[in-house]
1. Return the long-range amide H neighbours of GLY294 (sequence gap of 5 or more, or a different chain), with a cut-off of under 5 Å between placed amide H atoms.
2. For the ranges 133-139, 189-195, what's the packing order if you count other beta-carbon atoms within 10 Å of each residue, average per peptide, and put the highest first?
3. How large is ³J(HN,Hα) for each residue in the range 180-197, as worked out from phi by the Karplus curve 6.51 cos²θ - 1.76 cosθ + 1.60 (θ = phi - 60°), to whole Hz, x for Gly and Pro?
4. Got a sec to turn the phi values of the range 244-251 into Karplus ³J(HN,Hα) couplings, 6.51 cos²θ - 1.76 cosθ + 1.60 with θ = phi - 60°, whole Hz, x for Gly and Pro?
5. Among rounded, prolate and oblate, which fits the range 192-297 when a ≥ b ≥ c are the square roots of the eigenvalues of its C-alpha gyration tensor, a/c under 1.5 means rounded, and a/b larger than b/c means prolate?
6. Taking amide H positions as placed in the peptide plane 1.01 Å from N, state which residues far from LEU269 in sequence (5 or more) or on other chains have amide H under 5 Å from it.
7. Residues with amide H under 5 Å of ARG209's amide H, sequence separation 5 or more or different chain, H placed in the peptide plane at 1.01 Å from N; which?
Amino acid sequence: MKLHTALMSGAFVTAVAADGKANNNSHLRHLKADSKSSKGTKAGKGSSSYSSSYSMSYGPPTPPVTDPPTPKPTRSTLPPTTPPTSAPSPICCNPADLEELILSNVYNGDIETTFDEDPAKSAMEWLKGDTCSCGKFCTDLQLIQRYILAVLYYSTGGPNWTKCGDAASDATCQVQSAYGNSEGFNWLTCNSECEWGGTDCREDDESGRLRVIDVENNGLNGKLPPEITALSKSLVVLALEQNQLQGPIPSSYGGLDKLAVLDLDFNDLTGSLFDLRNMEKLQQLDLNANSLTGSIEGLGWDLTSLKFIDLSYNKFTGTIAPEIGDLGGLTSLQVQCNEFDPPLQFVKCPSKILAADDVICDNLATFCACTNSTSAAQCDEGP
């Protein structure tokens, strides 16, 4: 499926202004030393085929991401969403034109039978009804964003989500979300998609572009839809950790060139890791506790801005990608409990050259320390 990867144009500033945000680090979500214990145990997540004698102490990693959006306050402190300035589209409540809009902007216009099967079929049926019965959100941008979110909803069992999945209720709901609306409206209701639980749109202008999809530990069960790639010019955070997502991560996600945070840990994802060379703004890649396989070499690691990498508790093979050592801003590398081949491949950390196989590396301001204390039995037990 060929997706349109240039839905919206224009520069997008991901940096959080230093003014008034000095304590941003204290709000960041990934204090891994604490979060590992709070996420519970998933037995059997990955196994290690090699255990070396390296054993060094290490401290908790410094929170890696400093410039994606700061965690959201509760809904009661949020101002009303500013509506886009463009006029409503005349295609609202016009089924044929709605299909043409979505085909052109999400699927690049080359798939005539897209809406014959779910989740696209259900998402389009909902959108047609929404534009007629609700009719408030009819700019091209809003229609496209609402469709993509509807695809995600139907692809992951939205009606059965733990929270914020009751499309028949206009009530507010609370969902675990650090960067999106932790208190928002149920999905697919007659409210702005910028105010649904776990979403957020840009605040630096009045465009209403979707920049955050962050719905954690909420019973999402299904596959990641490639349609999300059509948000490539605005999406900064995609965080769907601690759910029951299965199947591969769509390779087209490598086209999300504004993405700073990709957090899909503690799911049941399979397949290989996609090419990263177009993701130069990516700072946090958190994929631990899945069943991902294949090599991690030659994926363009050195072309990203990664500060935090956690690939632990998967089934990656081969050697550690040497270009990871060229990441000057890297503060934490966690690759323990995989199936990397001995002999050990050496990886450059920010200040030293250290062995990395079943290791955790954390740069605590002035040094990079590695430990290889995770045994095969501990790997089998899971994180």
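Every read-out reported here was derived from the displayed coordinates using simple, explicitly stated rules and does not represent laboratory data. All of these numbers come straight from a predicted model, not from anything done at the bench. A quick note on method: Cβ atoms are made from the backbone with ideal geometry, for glycine too, and the neighbour counts reach across all protein chains shown.
1. Long-range HN contacts for GLY294: THR317.
2. Those peptides, ordered most packed to least, come out 189-195, 133-139.
3. Values per residue, Gly and Pro as x: x, 6, 5, 10, x, 9, 4, 5, 6, 9, 7, 9, 4, 4, 6, 10, 6, x Hz.
4. Going residue by residue, I get 10, 6, 10, x, x, 7, x, 4 Hz, with x marking Gly and Pro.
5. Numbers: a/c = 2.15, a/b = 1.35, b/c = 1.59.
Here the range 192-297 falls in the oblate category.
6. It is SER291, by chain and number.
7. Counting only residues 5 or more places away or on other chains, the set is ARG202.
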